[in-house]
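First comes the structure, then the notes that go with it.
The values are calculated or read from the model by the stated rules, or taken from the named source; none is laboratory data. Because the structure is a prediction, the values reported are computed rather than measured. Cβ: placed from backbone, ideal geometry, glycine included. Neighbour counts: every protein chain shown. Surface areas here come from the heavy atoms of the whole protein model, side chains and all, with no ligands, DNA or RNA. Shrake-Rupley method; radii C 1.70, N 1.55, O 1.52, S 1.80 Å.
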Amino acid sequence: MFDQLTERLNQVFDKIRRRGRLTEKDVDAAMREVRLALLEADVHYQVVKDFVQRVKERAVGQEISRALLPAQQVIKIVYEELVHTLGEPEPLNLTGPKPRVLLLVGLQGSGKTTTAAKLARHLRRQGERVMLVAADPYRPAAVQQLQTLGQQLDIPVYYEEGVPPPELVARAHRQAEQGGYTVLIVDTAGRSQLDDRLMQEVQEIARRVEPAEVLLVVDAMIGQEAVAVAQGFRDALPLTGLVLTKMDGDARGGAAISIRSVTGVPIKFLGTGEKLDALETYDPQRLASRILGMGDVLGLIQKAEEALDQEEAERQLERMLRGQFTLEDYLNQLRQVRKLGPIGKILEMLPGDLGRMARQVDPQQAEQQLKKVEAIINSMTREERQRPEIINASRKRRIARGSGTTVQDVNEVLRQYRQAKRVFKQLGRLGPAGLGRLFGGFGGLGGFGAPADFDGPDGDEAEAWPSAAEPTTSLRTRARAARPTPKKKAAPKRKKVKKKKKKKRRR
């Protein structure tokens, strides 16, 4: 959703990075382009005006004149002010008598039913006992959809046909209280802020069960209309939080930047896909880092912790660093990458130059390539996966026929495997001191998206980390630089052979 905005902002930052010293004129030109980029991304005009004004006041002041790297300092100011605009995160209020009621409201088609199931899954993973309530008798198949999602998650869904929604929710509350449930999530009917009858209905529900949270589910793809919707619901209901859905779409993401600043209602969750695990807790620092093209390393780590087995990953890492890396290990690594989610979302989280290169990759093409590699390795015998050196021409033809690919595809997979094995061998030889040189440092906000207060490693390890001013080098070049340079042997002295001078013949 933020790809176009990220690209525009990175172009601005690249221009100011080329300048060793920034004048007030340079800052004005950069802020003019930032203003246009934000307006094109459908950010509210007043939000853009205030944001640019705050950045200019800080960028022209003492902060830049005293900075060793003025461009990096400007990027840091933009990052901090963007975090300020996105607002402070607020967790769900799960205090008070049980069951705590979460009331979901919003327009039709905003994704309330799917969000209710995602929230139920999220809270159950935190140790809560959750019950869902299907309080939308108006939309066809709305109840069946929630019941199907509840069956997938093994979470009970309460519904009684013919009972008005306020009475239905009151009965569900009593049953949840008797059953020992800690959280009751109510999926209400989609309604407009102009529909008085349905607004009175949801107000009656809120009066009877006294919800701990009233969450407005907003479609992030409707742009500035999302701000108007939030303001309309805020006037009718005591909203406590927002859930922005469809954040994985290709529409302009300005609503996510301006909705908190305009309405004053905190964002609590972001819906990033259709699957039930595609729900992220709102973190303005991580979102700002993603918008500015710095990646989201923390989000990637959290995904890895949820999806991967830590003990198995450590065992595989030990084997790889010892050089015991087979095609079976290679296949397991690819499968673990696919467990993290769609490859496009993983690429978005990569920081710095890695993220820029990743954004040039077509996610669908990358997904198909992973499937092709998996099919090729699955078409090999166990012995071939453990000893790839025995794969000759006839075996390659058989593997290609079995996987529906070509011999060239098989050769490419084997080449990638050998390259990965060589890299892991280098990592094993370099040890901890050489890892910093091999991958480069964090490089501040313009590099790997480290926090603003990160000063690099301390002590002896600092020598192994390159400075931010060093040019980016390839993996092979860094590996060579990290190796100790062998002493050159002195070349043996050659004996001088005297040439006989030819006597000139006398005529």
Modelled FRET efficiency - R0 30 Å, E90 with D277, Cβ distances, 0.05 increments: 0.85
Quick one: if the Förster radius is 60 Å, what FRET efficiency do R171 and R418 give, using the C-beta to C-beta distance and rounding to 0.05? 0.40
Per-residue counts of other Cβ atoms within 10 Å, averaged by peptide: what ranking do you get for 256-265, 121-130, highest first? 256-265, 121-130
Give, in nm to one decimal, the length gained when the segment between A29 and Q368 is fully stretched (0.36 nm per residue of separation minus the Cα-Cα distance). 117.8 nm
Restricting the range 151-257 to chymotrypsin sites (Phe, Trp or Tyr not before Pro) in coil, as DSSP defines it, with at most 11 other Cβ within 10 Å: none
16 Å reach of a label modelled at Q46, 7 Å along Cα-to-Cβ, counting backbone N of the range 260-292: 260-265
Give the peptides 332-340, 98-106 in descending order of average Cβ contacts within 10 Å, highest first. 98-106, 332-340
For the range 19-154, the charge dipole (Cβ of Lys, Arg +1; Cβ of Asp, Glu -1; about the Cα centre) points to a positive end, and the Cα of Q152, A116, A29 closest to that extreme belongs to Q152
Once fully extended, how much extra length lies between I390 and R21, figured as 0.36 nm per residue of separation less the alpha-carbon to alpha-carbon distance? 126.9 nm
If each part is reduced to its alpha-carbon centroid, the range 391-412 and the range 16-39 end up apart, in Å, by 53
Probe 1.4 Å, all protein chains in place: accessible area of E24 in Å², nearest 10? 110
Dipole magnitude (debye, nearest 20) for the range 193-238, charges at Cβ of Lys, Arg, Asp, Glu: 100
In debye, nearest 20, what is the charge dipole magnitude of the range 149-269 about its Cα centre with +1 on Lys and Arg Cβ and -1 on Asp and Glu Cβ, if you could check? 360
Over 32 Å between Cα atoms, which of K371/K421; K371/K425; K56/K339; K76/K112; K246/K425; K372/K425 qualify? K56/K339; K76/K112; K246/K425
How far apart, in nm, are the 7 Å Cα→Cβ label points at R398 and R382? 1.6
Once you compute Rg and the Kirkwood Rh from C-alpha atoms, what is the Rg to Rh ratio for the range 195-234? 1.03
At a probe size of 1.4 Å, how large is the accessible area of F51, to the nearest 10 Å²? 10
